[in-house]
Amino acid sequence: MGSFHSKTRAASRGVTLNTLKEQLYSLNMRMLLAMQTHDREAQEEIKGLIAEVQAEIDCMNLGKTSGLQISHLRAGR
């Protein structure tokens, strides 16, 4: 349900770090509600979605880190 909307939105606007952080926040709020209502099926689904978004964030962060490392190498640091 939620992944359809997030994929549609991401395709139309492009994926940014802020967009991913907003998705992660929303998923965390959904997880809190699922925990409060003892909905284990929803918790498992949301856990998987959180892992996907976190992996995308990690990839973006790795890309920025490697860019910084390259600039330091070029500068002779």
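The values are calculated or read from the model by the stated rules, or taken from the named source; none is laboratory data. This structure is a prediction, so every number in the text was calculated from the model and none was measured. Note: ideal-geometry Cβ built from the backbone for every residue, glycine included; neighbour counts use all protein chains shown. Only protein heavy atoms, including side chains, enter the accessible area calculation; ligands, DNA and RNA are left aside. Shrake-Rupley method; radii C 1.70, N 1.55, O 1.52, S 1.80 Å.
The C-beta contact set for region 39-56 (first residue farther than 16 Å from Q23 by Cβ, second residue of a type outside the set (A, V, I, L, M), distance under 8 angstrom, 6+ apart or interchain) comprises A42/R30. Is it the case that V15 is outside any helix (DSSP H, G or I) and either modelled with pLDDT of 50 or more or touching a Ser or Thr at 6+ places or on another chain (Cβ under 9 Å) (or both)? In short, yes. If the condition is being among the hydrophobic types (A, V, I, L, M, F, W, C), at pLDDT 75 or above and open to solvent by less than 100 Å² (accessible area, probe 1.4 Å), then region 34-77 contributes A34, A42, I46, L49, I50, A51, V53, A55, I57, C59, M60.
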